[in-house]
Every structure is written in structure tokens, then in C-alpha cells.
Amino acid sequence: MKTQVGIIGGGPSGLLLSQLLHLQGIDSIVLEQHSREYVLGRIRAGVLEHGFAALMREARVAERMDREGEIHDGFFIAHDGIKERVDLKGLTGGNSVVVYGQTELTRDLYEGREKLGGIVIHNAEDVKPRDLQSARPYLTFRKGDDVERIDCDYIIGCDGFHGVSRKSIPKDKITEFERIYPFGWLGVLSRTKPVSPELIYAKHERGFALCSLRSQALSRYYIQVPLQDTVEQWSDEQFWTELRRRLPQDVAAAMVTGPSIEKSIAPLRSFVAEPMRHGNLFLAGDAAHIVPPTGARGLNSAASDIYYLYHALVDHYKKRDDSGLDGYSQRALARVWKGQRFSWWMTTLLHRFPESSAFDRRLQETDLAYLFSSQKALASLAENYVGLPF
Ligand code: APR
Ligand code: PHB
């Protein structure tokens, strides 16, 4: 097979890039190691920054997002028995975020690819990017007993944190920066009315908690748990009890509980790989960087990579201008690191760190007190949360 752009990974990054390129007349093939059902079975985060929503519209896959997604003009931070609102819209001069599940967004992208006749090959095993330093890189993969080859101009690694793309770059050509946090998030999805129409991020001495939602009938809640905890240790009842204890009394009293329809634990990690290009392989999304979920930056950091790559590839094919491709890594990383800083800061502000000293905890309390005493500090939080410009 032959294509212009070979994309590894059929998550939001790979699908969105493929869709955007298609609309500009640029061919691509997406190789995904799992089935579509498997990819759509994963429950992921649900807050989209306005720039991401705009890209979905440009890719002509935003109809359902615009119909079913909720525009959120603010959220709450709860602490010391009260909750204080962050007025995203007011603080940013009119910006907001869209609450729409990443799983639904991925479904829309698959449908968009299908409608345009885009090629997405599922159950592609043993995908390998090859000859990355040459002008004719190619991909090989196995499908059943057959080994296939795809010749490409460029290969884009959108295969997430555990993918093959980043690992195929020689160790001496890539530097990894990492922080692993000493806790995870236990998440529960339940078919219950959300306790609050807007998200509540809660700081509590027992640990962080988050009240989020997918719709007015579907709630998503999280609590900070020790890294060694397992899902089996947490019955639904124990989860609800612990969640309530970490919330202000009025919120806890209003909480509607029900059976969990999904329950999982995710570790928290900050990670960046530099550079994001090796020869004719470009990394994008979780393949190159991971943030802890606290600032809702995961998908949104991927969005700016896709935006830069999309424009760089269009400039290459339509204007014979390679400056976007040559500057990609530097440009993408500049924004990636800002997302890293913000996610690390939100995580540090709101979690209980097992090793923290009394001094650390006073500083954390002061950070929060300062935030709600300064419109400028709040505006800084808000501009990062709605998404810095691409
Ligand atoms: N070969 C082919 N496909 C692969 C391989 C491989 N070796 N390894 C992983 N994949 C596929 C995965 O099955 C997955 O569907 O690549 C896809 C990567 O998707 P994501 O992990 O969702 O990463 P990305 O598309 O960059 O999405 C950005 O934002 O909210 C965050 O972490 C969240 O996934 C989200 C991310
Ligand atoms: C979610 O709804 O899953 C969610 C929302 C906001 C976050 C993280 C996760 O910061």
C-alpha cells in the first residue's frame, strides 16, 4: 500500500489528523492495534477546551458535540467546607469549555472517517515504523497471517503513551522528563443526576475529589487513592461514603448515588519526550506527553499538536513550504510545557501528598487563599483552563 501520511493509532489524535488532512485532499492511512469496539469501550476524560471544539468543527465532526455537549462557563473549587466559583467566562473575556465525553468524540471521529471513506485499519498487529531517517519511510504490520507494508512520505505517531512510535526512536536521540505522583484517581461512572451542574474540584485533608459529569443523567466522580489500592478494594458503598466525606456538607447531602457502571483506577503522571520529531516520524498526543488529569489538559494538549501538524502538512503539500514541519517539535513543545506546568500546579494545589511537611501544607493553603483573593491569579487559572492559544 501507499499513502502520503501513515498514522499509527486510532485514538482522538490520529483520527482527527486523518480527518482534517482528508478535507484538504491529503491521503492518510490509520493503523490501530485494537478493534473499534475496544477503543470505544474506554472511558476517558470529558472536558474540551474551546480551541479543540473549533478543530472538531473544522473537521466537520462537531454536529453531535454541538448538540449534546454542555457549555460550561465556570467550575468550583471546594475547600474547608465551602465552594468558590471560578468564572471562566468572565475571567477570560468570554471563553468557556465544552463538557463532552472523549469516548463520544472518538465515536464521532470514526463516523466522520467512515462517511468520507477514510482508511482505518483495525487489529493491526506488530506495527513498526521503518527507515525513519530516509525520504521513503514505511510501515509494516501484521493482519492475521499476512504481513503488510505501507510506503509513506511521513509517519505520525499518535499511538498513546504505550505505543511503538516513541520507542522506535533511538535512546540517544530522545530525552524523557517525568514525574510520577504518589497516588491515583479512583473513578466511578453512574447513571445518576450530577450533584452540581458545574464541575467541583475538592481539596480535603483526606485527599482530593472531583465531581464531574457526562450529561445531566450521567455522573463521573473521582477520589484520590493510594497508588497500591485496587478497584476490588472499593465497593460502591465505600466509594460514595469516602466521596461525601471530602465534599462540603451541602454538596454531600445533595449527592444522588447509584450503582457504578464503570470503576477504574488511573495513576497520575507528568511526562514529556523531546524532541517530538525523529527524521520523518512525528509524535503527537499521548505518544509524546502525559499530564495528570487535574487540569483537564490531556486531550487538549493533543489538540495543539494536531493543529500544528495539520497546518505544517498542508503547507508542505500545497505550498512546498516545510517551515511548519521543521519547526513542529519546538512549537508543539512550547505549548506542551505550559500545559504541563498548569496540570502539575493544579495537582499540587489540590491533592494530599503523603510526604508533605507542615510547611508544605501551609504553602498549599496559602496558594489557594491567594488564588481566591486575587482576580489576576484567578484570571491566570482561567486562561490556562480554557486553553492557551495554539
Ligand atoms: N500500533 C497501533 N496502534 C496502537 C499501538 C500500536 N503499537 N499502540 C497504541 N495504539 C493505539 C491505541 O490502541 C489507542 O487507540 O493508539 C491509540 C492511542 O490513543 P490515545 O491513548 O487515546 O492517545 P491520543 O489519541 O493521543 O489521545 C489523547 O488525551 O485525554 C487524553 O489520555 C487521553 O487518550 C487521551 C489523550
Ligand atoms: C472527567 O470528567 O472525566 C474529568 C473532568 C475534569 C478533569 C478530569 C476528568 O480535570
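The values are calculated or read from the model by the stated rules, or taken from the named source; none is laboratory data. In this text, all values refer to a predicted model and were calculated from it rather than measured experimentally. Cβ sites come from the backbone with ideal geometry, for glycine too, and all protein chains shown count toward neighbours. To get the accessible areas, we keep the full protein, side chains included, count just its heavy atoms, and leave off ligands, DNA and RNA. Shrake-Rupley method; radii C 1.70, N 1.55, O 1.52, S 1.80 Å.
Per-structure values
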quantity: Förster-model FRET efficiency, 30 Å R0, Arg57 and Asp87, C-beta, rounded to 0.05; calculated: 0.75
quantity: Per residue, in Å², the accessible surface of the range 73-148 once ligands and nucleic acids are set aside, probe 1.4 Å; calculated: 48
quantity: Mean separation of Cα contacts under 8 Å, 6 or more apart, over the residue count of the chain: relative contact order %; calculated: 20
quantity: Debye, to nearest 20: dipole size of the range 25-97, +1 on Lys, Arg Cβ, -1 on Asp, Glu Cβ; calculated: 100
quantity: Cα pair distances exceeding 23 angstrom across the range 1-158, given as percent; calculated: 47
quantity: Using θ = phi - 60° and Karplus 6.51 cos²θ - 1.76 cosθ + 1.60, couplings along the range 78-95 (whole Hz; Gly, Pro as x); calculated: 9, 6, 6, x, 10, 10, 10, 8, 9, 7, 4, 5, x, 6, 10, x, x, 8
quantity: Vicinal HN-Hα couplings computed from phi for the range 180-190 (Karplus, 6.51 cos²θ - 1.76 cosθ + 1.60; Hz; Gly/Pro x); calculated: 9, 8, x, 6, x, 10, 8, x, 10, 10, 9
quantity: Stretchable slack from Tyr370 to Arg64, in nm (0.36 nm times residue separation minus alpha-carbon distance); calculated: 106.2 nm
quantity: Rg over Rh, two decimals, the range 158-314 (C-alpha only, Kirkwood Rh); calculated: 1.06
quantity: Packing-based ranking, highest mean first, of 296-309, 250-263, 36-49, 19-32 given that Cβ atoms within 10 Å are counted; calculated: 296-309, 19-32, 36-49, 250-263
quantity: Accessible surface of the range 1-50, 1.4 Å probe, proportion on carbon and sulfur as whole %; calculated: 47
quantity: Net dipole in debye of the range 233-390 [+1 Lys, Arg Cβ; -1 Asp, Glu Cβ; about Cα centre; nearest 20]; calculated: 240
quantity: Diffusion constant of the range 287-390 at 10 °C, which comes from Stokes-Einstein with the Kirkwood Cα-pair radius and 1.306 mPa s, µm²/s; calculated: 102
quantity: Efficiency of FRET between Lys143 and Arg42 - r from beta-carbon atoms, R0 25 angstrom, step 0.05; calculated: 0.70
quantity: At q = 0.20 Å⁻¹, base-10 log of I(q)/I(0) for the range 71-209 (Debye sum, equal scatterers on each alpha carbon); calculated: -1.27
quantity: Local electrostatic count, Ser304, Cβ distance below 12 Å [Lys/Arg +1, Asp/Glu -1]; calculated: +2
quantity: Fraction of the pair-distance distribution of the chain above 39 Å, Cα-Cα pairs, percent; calculated: 18
quantity: In Å², nearest 10: area of Arg57 left accessible to a 1.4 Å probe; calculated: 110
quantity: Assigned charges on the beta-carbon of Lys, Arg, Asp, Glu; the range 173-301 dipole about Cα centre (debye); calculated: 260
quantity: The range 248-390 - accessible surface per residue (Å², probe 1.4 Å); calculated: 43
quantity: CD proxy at 222 nm, helix term only [per DSSP H run n ≥ 4: -39500 (n - 2.57); per residue of the chain; nearest 500]; calculated: -11500 deg cm²/dmol
quantity: The range 119-192 and the range 335-390: distance between their alpha carbon centers, rounded to Å; calculated: 32
quantity: Förster radius 30 Å - calculated FRET efficiency between Ser35 and Gln249 (Cβ-Cβ, nearest 0.05); calculated: 0.05
quantity: Coil-residue GluC sites (Glu not before Pro) of the range 138-237, DSSP, other Cβ within 10 Å capped at 11; calculated: Glu205
